[in-house]
Amino acid sequence: MQYPDDEKVTDDFELAGVPDSFQRLWTPYRMAYVKGGQHQFQDKDDCPFCAAPTRSDEQSLIVHRGQSCFVLLNLYPYNPGHLLICPYRHVPNYDDITAEETAEMGALTQHSMRVLRQVSNAKGFNLGMNQGLAGGAGISAHLHQHVVPRWGGDGNFFPIIANSKAISATLGEVRSEVANAWDQV
(Lines give C-alpha, C1' and ligand atoms only; values in the text may rest on other atoms or scores of the structure.)
Protein backbone atom coordinates (compact mmCIF):
# COMPACT_ATOMS: atom_id res chain seq x y z
CA MET A 1 0.00 0.00 0.00
CA GLN A 2 1.35 3.40 -0.87
CA TYR A 3 0.69 6.42 1.33
CA PRO A 4 0.44 10.00 0.09
CA ASP A 5 3.88 11.61 -0.19
CA ASP A 6 5.73 8.30 0.33
CA GLU A 7 8.22 9.28 -2.32
CA LYS A 8 9.30 12.28 -0.25
CA VAL A 9 10.45 10.16 2.67
CA THR A 10 11.67 6.99 0.98
CA ASP A 11 14.34 6.29 -1.56
CA ASP A 12 14.55 3.94 -4.49
CA PHE A 13 17.46 1.99 -3.04
CA GLU A 14 17.50 -1.60 -4.26
CA LEU A 15 18.90 -4.18 -1.88
CA ALA A 16 21.54 -6.59 -3.09
CA GLY A 17 21.48 -10.24 -2.12
CA VAL A 18 18.99 -13.01 -1.81
CA PRO A 19 15.86 -12.36 0.26
CA ASP A 20 15.68 -14.42 3.44
CA SER A 21 13.22 -14.93 6.26
CA PHE A 22 14.97 -12.55 8.67
CA GLN A 23 13.49 -9.21 9.54
CA ARG A 24 15.97 -6.45 10.31
CA LEU A 25 15.56 -4.04 13.19
CA TRP A 26 17.52 -0.95 12.26
CA THR A 27 18.83 0.83 15.35
CA PRO A 28 21.18 3.55 14.13
CA TYR A 29 21.06 5.31 17.51
CA ARG A 30 23.13 2.39 18.88
CA MET A 31 26.08 3.40 16.69
CA ALA A 32 27.17 6.06 19.20
CA TYR A 33 27.41 3.34 21.85
CA VAL A 34 29.23 0.94 19.53
CA LYS A 35 31.71 3.58 18.39
CA GLY A 36 32.54 5.14 21.70
CA GLY A 37 30.13 4.69 24.54
CA GLN A 38 31.96 1.72 25.98
CA HIS A 39 35.13 3.77 26.47
CA GLN A 40 33.61 6.33 28.78
CA PHE A 41 34.44 4.53 32.07
CA GLN A 42 38.05 3.39 32.04
CA ASP A 43 39.25 3.89 35.58
CA LYS A 44 37.85 3.77 39.08
CA ASP A 45 37.67 7.57 39.32
CA ASP A 46 34.81 7.78 36.81
CA CYS A 47 33.30 4.29 37.16
CA PRO A 48 29.64 4.23 38.26
CA PHE A 49 30.14 0.83 39.94
CA CYS A 50 33.00 2.25 42.03
CA ALA A 51 30.96 5.36 42.88
CA ALA A 52 27.78 3.48 43.83
CA PRO A 53 28.97 2.16 47.23
CA THR A 54 30.05 5.67 48.28
CA ARG A 55 26.45 6.93 48.11
CA SER A 56 23.29 5.89 49.90
CA ASP A 57 21.60 2.64 48.91
CA GLU A 58 18.59 4.57 47.63
CA GLN A 59 20.71 6.89 45.46
CA SER A 60 22.69 4.02 43.97
CA LEU A 61 19.82 1.51 43.81
CA ILE A 62 21.80 -0.89 46.00
CA VAL A 63 19.74 -3.72 47.49
CA HIS A 64 22.54 -5.50 49.38
CA ARG A 65 26.13 -4.85 50.45
CA GLY A 66 28.26 -7.94 50.98
CA GLN A 67 31.86 -8.39 52.08
CA SER A 68 33.49 -8.27 48.63
CA CYS A 69 30.52 -7.71 46.29
CA PHE A 70 27.30 -5.72 46.24
CA VAL A 71 23.96 -6.02 44.45
CA LEU A 72 22.15 -3.14 42.75
CA LEU A 73 19.36 -2.58 40.26
CA ASN A 74 20.30 -1.96 36.67
CA LEU A 75 19.55 1.66 35.82
CA TYR A 76 18.43 0.50 32.34
CA PRO A 77 16.63 -2.78 33.13
CA TYR A 78 15.58 -5.37 30.59
CA ASN A 79 12.79 -6.36 33.01
CA PRO A 80 11.65 -5.09 36.41
CA GLY A 81 14.04 -6.42 39.04
CA HIS A 82 17.06 -6.66 36.70
CA LEU A 83 19.95 -6.87 39.17
CA LEU A 84 23.70 -6.44 38.80
CA ILE A 85 26.25 -8.10 41.07
CA CYS A 86 29.57 -6.26 41.24
CA PRO A 87 32.78 -6.75 43.14
CA TYR A 88 33.84 -3.66 45.06
CA ARG A 89 37.24 -3.90 43.38
CA HIS A 90 37.60 -2.25 39.98
CA VAL A 91 38.57 -5.25 37.82
CA PRO A 92 37.40 -6.01 34.27
CA ASN A 93 37.29 -9.80 33.99
CA TYR A 94 35.93 -12.80 35.82
CA ASP A 95 39.38 -14.35 35.98
CA ASP A 96 40.66 -11.21 37.76
CA ILE A 97 38.58 -11.78 40.90
CA THR A 98 39.70 -13.80 43.91
CA ALA A 99 38.25 -17.11 45.00
CA GLU A 100 36.43 -15.27 47.81
CA GLU A 101 34.92 -12.75 45.38
CA THR A 102 33.92 -15.58 43.04
CA ALA A 103 32.21 -17.46 45.87
CA GLU A 104 30.35 -14.38 47.08
CA MET A 105 29.30 -13.43 43.55
CA GLY A 106 27.87 -16.93 43.11
CA ALA A 107 26.10 -16.87 46.47
CA LEU A 108 24.65 -13.42 45.77
CA THR A 109 23.44 -14.61 42.37
CA GLN A 110 21.60 -17.51 43.98
CA HIS A 111 20.16 -15.30 46.70
CA SER A 112 19.08 -12.70 44.10
CA MET A 113 17.15 -15.39 42.27
CA ARG A 114 15.40 -16.51 45.47
CA VAL A 115 14.46 -12.94 46.37
CA LEU A 116 13.15 -12.18 42.87
CA ARG A 117 11.08 -15.37 42.90
CA GLN A 118 9.50 -14.27 46.17
CA VAL A 119 8.86 -10.60 45.41
CA SER A 120 7.92 -10.85 41.76
CA ASN A 121 7.05 -14.50 41.15
CA ALA A 122 9.80 -14.78 38.52
CA LYS A 123 9.50 -18.03 36.56
CA GLY A 124 12.97 -18.03 35.03
CA PHE A 125 16.18 -16.01 34.75
CA ASN A 126 18.82 -14.88 32.33
CA LEU A 127 22.25 -14.77 33.97
CA GLY A 128 25.31 -13.44 32.27
CA MET A 129 28.47 -11.40 32.06
CA ASN A 130 29.60 -9.48 29.02
CA GLN A 131 33.34 -9.03 29.29
CA GLY A 132 35.53 -6.73 27.26
CA LEU A 133 34.59 -4.29 24.55
CA ALA A 134 34.26 -7.03 21.95
CA GLY A 135 32.09 -9.04 24.36
CA GLY A 136 29.55 -6.23 24.51
CA ALA A 137 30.15 -5.00 28.04
CA GLY A 138 28.55 -1.59 28.52
CA ILE A 139 31.00 -0.84 31.31
CA SER A 140 33.87 -3.11 30.40
CA ALA A 141 36.34 -1.84 33.00
CA HIS A 142 34.31 -3.11 35.99
CA LEU A 143 33.08 -6.69 36.10
CA HIS A 144 29.37 -7.16 36.76
CA GLN A 145 26.92 -10.03 36.40
CA HIS A 146 23.34 -9.60 35.23
CA VAL A 147 20.42 -11.37 36.91
CA VAL A 148 17.34 -10.76 34.76
CA PRO A 149 14.02 -12.15 36.01
CA ARG A 150 11.73 -13.64 33.38
CA TRP A 151 8.07 -14.61 33.15
CA GLY A 152 6.17 -16.62 30.57
CA GLY A 153 5.09 -14.25 27.82
CA ASP A 154 7.11 -11.30 29.16
CA GLY A 155 8.51 -10.68 25.73
CA ASN A 156 11.44 -11.86 23.76
CA PHE A 157 14.70 -10.56 22.36
CA PHE A 158 13.03 -7.96 20.16
CA PRO A 159 11.91 -5.56 22.91
CA ILE A 160 15.48 -5.43 24.19
CA ILE A 161 17.08 -4.46 20.90
CA ALA A 162 14.12 -2.48 19.59
CA ASN A 163 14.05 -0.16 22.61
CA SER A 164 10.37 -0.83 23.28
CA LYS A 165 10.17 -2.61 26.64
CA ALA A 166 7.46 -1.56 29.07
CA ILE A 167 8.68 -1.58 32.68
CA SER A 168 5.75 -1.88 35.06
CA ALA A 169 7.32 -0.42 38.22
CA THR A 170 9.67 2.41 39.11
CA LEU A 171 13.26 1.68 40.06
CA GLY A 172 12.62 3.08 43.54
CA GLU A 173 9.65 0.79 44.10
CA VAL A 174 11.52 -2.28 42.90
CA ARG A 175 14.63 -1.38 44.94
CA SER A 176 12.55 -1.06 48.12
CA GLU A 177 10.73 -4.32 47.49
CA VAL A 178 13.91 -6.31 46.80
CA ALA A 179 15.93 -4.69 49.62
CA ASN A 180 13.12 -5.27 52.13
CA ALA A 181 12.86 -8.93 51.17
CA TRP A 182 16.64 -9.53 51.03
CA ASP A 183 17.08 -10.65 54.65
CA GLN A 184 13.71 -12.43 54.74
CA VAL A 185 14.60 -15.04 52.11
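The values are calculated or read from the model by the stated rules, or taken from the named source; none is laboratory data. Keep in mind that what you see is a predicted model, and the values were worked out from it rather than measured. For neighbour counting, all protein chains shown are included, and Cβ atoms are generated from backbone atoms with ideal geometry for every residue, glycine included. Just so you know, the surface numbers come from the protein's heavy atoms only, side chains and all, with ligands and any DNA or RNA stripped out. Shrake-Rupley method; radii C 1.70, N 1.55, O 1.52, S 1.80 Å.
For Val63, what residues show an amide H to amide H distance below 5 Å, using hydrogens built from the backbone and excluding near sequence neighbours? Long-range HN contacts for Val63: Val71, Leu72, Leu73. For the pair Arg117 and Thr102, label points projected 7 Å from Cα toward Cβ lie 2.5 nm apart.
If you stretched the chain out fully between Tyr76 and Ala181, how much longer would it get, using 0.36 nm times the residue separation minus the C-alpha to C-alpha distance? The partial results should precede the final answer.
Working: separation 105, 0.36 × 105 = 37.80 nm, distance 2.18 nm.
Result for the pair: 35.6 nm of gain on full extension.
Would you mind classifying segment 54-185 by shape? Square roots of the alpha carbon gyration tensor eigenvalues, ordered a ≥ b ≥ c; an a/c under 1.5 is rounded, otherwise it is prolate if a/b is larger than b/c and oblate if not. Let's see the in-between values first.
Numbers: a/c = 1.61, a/b = 1.17, b/c = 1.37.
Oblate is the answer for segment 54-185, as a/c is 1.5 or above yet b/c matches or exceeds a/b.
So what's segment 74-123 giving for Rg/Rh, alpha carbon basis, Kirkwood Rh from the mean inverse pair distance? Intermediate values should be presented prior to the final figure.
Working: Rg = 12.6 Å, Rh = 12.2 Å.
That ratio is 1.03, to two decimals.
May I ask you to give the solvent-accessible area per residue for segment 49-164, in square angstrom, as obtained with a 1.4 angstrom probe? On a per-residue basis, 48 Å².
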